[in-house]
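Bear in mind that the values in this text are calculations on the coordinates, not laboratory data. No experiment lies behind these values; they were computed from the predicted model shown. Quick reminder, even Gly has a Cβ in these numbers, built from the backbone with ideal geometry, and neighbours come from all protein chains shown.
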Amino acid sequence: MSDSPVSHHEGGTPPEKADDATDEQTAQMEQAYAQMRRKLRMTQLAENVKHKIMILSGKGGVGKSTVSTGLALALARQGKKVGLMDIDITGPNIPKMLGITGSELRVEEGQIHPVEGPHGIKVISMAFLLEDEDAPVIWRGPVKLGAIQQFIGDVAWGDLDALIIDFPPGTSDEPLTVAQSLPAIDGVVVVTTPQDVALLDSRKSINFAKTLKLPCLGVVENMSGYTIQGSAEPKSKLTVKGPQGVNIDVESDENGDWSVTLDLFKSGGGKNAAKELEVPFLGKLPFDPGIVRGGDDGVHRIVAEPEGESAKAFETVVNNLITQLEDKEDSSELKIL
Ligand SMILES: Nc1ncnc2c1ncn2[C@@H]1O[C@H](COP(=O)(O)OP(=O)(O)OP(=O)(O)O)[C@@H](O)[C@H]1O
Ligand SMILES: [Mg+2]
């Protein structure tokens, strides 16, 4: 029985059916042939996609999918060719965040063609294969594994500068399968929150990356501070009351818009974790209610407000990430992004 959730004919020349082979033998031969082709494509993928980046976190709900989509969009805004692979098979929500739910994957000549999202990013998600978005996906382990391998080996990504891979929370089978199947992964980005406990969660993810023999490209502190915005006379100075009544001076821009980020919870958990665990710190992303709204409406914050606080924060994180990738390339003398 096939473990494939997407049925299709492989491209190329199928193996000849020997006259004396039973149907079962022929099926086995075809399956072995499909596996071989998939392996070959995975090797090609390693060459055609310059950078492969896995997004992980120690626990759920810290913003991995938000960061994955944000990084993909921020890279695309810099003119890079970007792919986004949603490996959260049981709860795929990337298409919703990008406003491309209901899109259908095209299968041509044995290859799955990704859906095009905002800024031309190429998106693959299990959500595109589900008939009913609200029905839970309960798959046996091997089927899940087969689906992930198809995602990697059977997708026509074309030439990409970067492929961002979003995962379900924790140190589950999914990142393990991807790390074992996809050659030449650059490393892992760990998403965490500002509180002290971030250290514990980040440590888990960084150790996990080590067991996968992947470098940690850095830690991102998400939901760090709360951005409030308003408008006033252009270029005017005003005072905003922050937590515990502390006065904060702000200045409106030439359009009269102002914004300020308040440390609502704690701050610096991600930075401290990065320092203590001796991995790079890629930056902070503010807590921004627009991100929640954007996630629900399908218009990502970066698309809705390209010059806003969150978009700028994503840009900083992406620039730091590119620096890490370049440093890595310098040391291994590979091609630069
Ligand atoms: N910086 C932020 N500011 C405000 N809300 C945010 C921010 N980042 C994420 N969120 C919100 O938090 C919720 C969880 O985010 P997201 O789905 O990205 O987390 P996740 O780590 O991918 O979750 P899961 O572990 O379930 O996959 C979403 O509703 C999202 O809109
Ligand atoms: Mg997620």
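With a point put 7 Å past each Cα toward its Cβ, work out how far Asp297 is from Ala184 in nm, to one decimal.
The modelled label-to-label distance comes out at 4.1 nm.
Mean-square fluctuation check for the chain, GNM, Cα pairs under 10 Å: which of Ser231, Ser65, Ser181 is largest?
Ser231
Mean-square fluctuation check for the chain, GNM, Cα pairs under 10 Å: which of Asp253, Asp161, Asp173 is largest?
Among Asp253, Asp161, Asp173, the largest GNM mean-square fluctuation belongs to Asp253.
What percent of all Cα-Cα pairs in the range 154-235 falls in each 10 Å bin, counting up from 0?
P(r) for the range 154-235, in whole percents per bin: 14, 40, 24, 13, 8, 2.
So what are the radius of gyration and Dmax for the Cα set of the range 22-65, in Å?
In order Rg, Dmax, the Cα atoms of the range 22-65 give 17.9, 52 Å.
If the chain between Asn247 and Gln229 were fully stretched, how many nm would it gain, using 0.36 nm times the residue separation less the Cα-Cα distance?
Result for the pair: 4.9 nm of gain on full extension.
For the chain, take every pair of Cα atoms, bin their distances at 10 Å starting from 0, and report each bin as a whole percent.
Bins of 10 Å from zero give 5, 24, 31, 22, 10, 5, 2, 1, 0 percent of pairs.
Would you mind ranking Glu47, Glu315, Glu326 by Cβ crowding within 10 Å, fewest neighbours first?
Ranked by crowding around the Cβ, least crowded first: Glu47, Glu326, Glu315.
How big is the antiparallel share of DSSP beta bridges in the range 145-251, given as a percent to the nearest 5?
Counting only bridges with both partners in the range 145-251, antiparallel ones make up about 50 percent.
Obtain the nm distance between the two label points defined at Leu176 and Met42 by a simple spin-label model: each point lies 7 Å from its Cα along the Cα-to-C-beta direction.
1.5 nm
To the nearest Å, what is the center-to-center distance of the range 228-287 and the range 142-172, using C-alpha atoms only?
Distance between centres, Cα-based: 36 Å.
Could you give the angle, 0 to 90 degrees to the nearest 10, between helix 23-48's Cα long axis and the longest principal axis of the Cα atoms of the chain?
Helix 23-48 sits at roughly 40 degrees to that axis.
Over the range 183-337, one equal point on each Cα, no solvent: what is log10 I(q)/I(0) by the Debye formula at q = 0.10, 0.18 Å⁻¹?
-0.45, -1.13
Relative contact order of the chain: what whole-number percent is it, with Cα pairs under 8 angstrom and at least 6 residues apart?
Relative contact order of the chain: 20 percent.
With springs only between Cα atoms under 10 Å, which of Pro280, Pro234, Pro169 fluctuates most in a Gaussian network model of the chain?
Of Pro280, Pro234, Pro169, the most mobile in the Gaussian network model is Pro234.
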